[in-house]
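Reading through the structure tokens given below for one structure.
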Amino acid sequence: MVTSKIIGNGILRAIIITAGTVLLLYVLFLIQPVIYFLFIALIVSMIGNPIVRFLETKLKFNHIAAVIVTMIFFISLLAGFIMMFVPLIISQSENLSLLDTGKLQNDLTQLIEKLKTYFSDHNIDTERMLKESNIASKINLNFIPNFLNSLLGTLGNLGMAIGSIIFITFFFLKDKKLFTSNARQILPAQHEDKILNSFRKINHLLSRYFIGLIGQITILFVLYLIVLLIFGVQNAFIIAFITALLNIIPYIGPLIATILVAVLTMLGHMDPQSQGEMLSTTLYVLIGYSLAQVIDNNVTTPLIFSNSVNSHPLEIFIVILASGFIFGILGMIIAVPLYTIAKVVAKEFFPENPVVKVLTRGI
């Protein structure tokens, strides 16, 4: 028989659970940076695990030595990146002082006039279209210094984040077996094997994915570097690296990279002797970047997505697109890892489901 005491206890329990859930979500909201650090450190440790295994199995390092060497490798890469980035900051700061946005805007207006004259000579009526669109008056290049100053300001907050991620990554690599041992004591016995198998498969697939992503970025870096060197762009090495790194944002990253390289190429021609070459050089660089992205989209990306996480490229495209609509750019970045995790868990716990069978074929 249901009594008022039972009903009261049920209501009280529901209130406590709701309040606890709200409090937990609020705490998670307050410590968002820590969650981001943990997530990034987990990714870095997944990339580092194959290196640690190689050092242990092939070079006979003990576990601690293998972890330390791997961390030194990552820190050296980070230090090299920072050392490359400093000259770019210095040179672009100098170029900003030479930037005359009014003159640049006037040059663009003159170019439009020349194009209009050319089309008129060939009996192509563009007068009406240009007047209606009023392109010249809508082009405002004052955003360039504001964008770069904002970018440089953001870099000042990275020190603590980098230190925290390095510290967490070290212990993720060092105490991997300890975490597995502790998990066995916490996990429910009836699901222990399934959960641990899921962890192993997820770690394996995501390690392949992130290593493949590094390979993709490396290929793009080489292609971008060749383009920049051909056209004599200043700081070609670091610009190629930054724009290739933006490829971690699916579909949107290459667009951002194209805009960024156009801005940096123009800034590299701010002195009076080279400003006449600014627009032509920028145009050639953009064409080169577009060709590199065509190669990446049609060759590199399908191979990495299909081979690393055993998913069809169309399947991945739909997942990334949906995640982008729901969660924005961050959702596009984490879409593939989260989708891979969901597939592994689904196969481990619901192997007989027909939809799961189709989606997880090959895992």
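Taken as a whole, the condition of being out of contact with any Gly (no Cβ under 6 Å at 6 or more places or on another chain) and either part of a loop (DSSP other than H, G, I, E, B) or modelled with pLDDT of 85 or more (or both) does not apply to ILE202.
So, ILE64, is that one over 30 Å from LEU267 (Cα atoms), open to solvent by 70 Å² or more (accessible area, probe 1.4 Å), at pLDDT 85 or above and of a type outside the set (Phe, Trp, Tyr) or not?
On the way: over 30 Å from LEU267 (Cα atoms): yes; open to solvent by 70 Å² or more (accessible area, probe 1.4 Å): yes; at pLDDT 85 or above: yes; of a type outside the set (Phe, Trp, Tyr): yes.
Considered against the rule, which asks whether it is over 30 Å from LEU267 (Cα atoms), open to solvent by 70 Å² or more (accessible area, probe 1.4 Å), at pLDDT 85 or above and of a type outside the set (Phe, Trp, Tyr), ILE64 comes out as yes.
All conditions but one from (1) surrounded by 12 or more Cβ atoms within 10 Å (Cβ to Cβ); (2) at pLDDT 70 or above; (3) of a type in the set (Val, Ile, Thr) apply to ILE89; the one that does not is (2). Applying the set (1) more than 18 Å from ASP296 (Cα to Cα); (2) modelled with pLDDT of 85 or more to LEU223 leaves exactly one unmet item: (1). Scanning segment 258-272 for residues that are at pLDDT below 80 and open to solvent by 20 Å² or more (accessible area, probe 1.4 Å) turns up MET266, ASP271, PRO272.
For segment 232-241, the set of residues classified as modelled with pLDDT of 85 or more and either farther than 24 Å from THR281 by Cα or open to solvent by 20 Å² or more (accessible area, probe 1.4 Å) (or both) consists of PHE241 only. Selection of segment 330-346 for residues being open to solvent by 80 Å² or more (accessible area, probe 1.4 Å) and farther than 18 Å from LEU205 by Cα yields only LEU330. Within the option set ILE226, ILE186, ILE219, ILE211, being open to solvent by 50 Å² or more (accessible area, probe 1.4 Å) and touching a Pro at 6+ places or on another chain (Cβ under 8 Å) holds for one residue only, ILE211.
Picking from residues in segment 300-316 that are open to solvent by 80 Å² or more (accessible area, probe 1.4 Å) and hydrophobic (A, V, I, L, M, F, W, C), the one that is farthest from THR265 (Cα to Cα) is LEU314.
Listed by first and then second residue, the pairs with beta-carbon distance under 8 Å, at least 6 apart or on different chains, first residue in segment 276-295 and hydrophobic (A, V, I, L, M, F, W, C) and modelled with pLDDT of 90 or more, second open to solvent by 60 Å² or more (accessible area, probe 1.4 Å) and assigned to a helix (DSSP H, G or I), form an empty list. Quick one: is PHE172 open to solvent by 30 Å² or more (accessible area, probe 1.4 Å) and either touching a Ser or Thr at 6+ places or on another chain (Cβ under 7 Å) or in a loop (DSSP other than H, G, I, E, B) (or both)? For PHE172, the condition - open to solvent by 30 Å² or more (accessible area, probe 1.4 Å) and either touching a Ser or Thr at 6+ places or on another chain (Cβ under 7 Å) or in a loop (DSSP other than H, G, I, E, B) (or both) - is met.
Given the conditions (1) under 22 Å from LEU220 (Cβ atoms); (2) open to solvent by less than 80 Å² (accessible area, probe 1.4 Å), which single one is not true for PHE349? Only one criterion is unmet by PHE349, namely (1).
To keep it simple, each residue is scored yes or no on (1) of a type outside the set (Val, Ile, Thr); (2) not in a helix (DSSP H, G or I).
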residue: ASN298; (1), (2): yes, no
residue: ASN310; (1), (2): yes, yes
residue: ILE316; (1), (2): no, no
residue: ILE326; (1), (2): no, no
residue: ILE329; (1), (2): no, no
residue: VAL344; (1), (2): no, no
residue: GLU352; (1), (2): yes, yes
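For segment 27-61, a residue qualifies if it is modelled with pLDDT of 85 or more, open to solvent by 90 Å² or more (accessible area, probe 1.4 Å) and under 27 Å from the mean Cα position of the chain (by Cα), and the qualifying residues are ARG53, PHE54.
The values are calculated or read from the model by the stated rules, or taken from the named source; none is laboratory data. If you're wondering where the values come from, they're calculated on a predicted model, not measured in any experiment. Every residue, glycine among them, receives a Cβ derived from its backbone with ideal geometry; neighbour counts consider all protein chains shown. When the accessible area is computed, the model is the full protein with side chains, heavy atoms only, and any ligands, DNA or RNA have been set aside. Shrake-Rupley method; radii C 1.70, N 1.55, O 1.52, S 1.80 Å.
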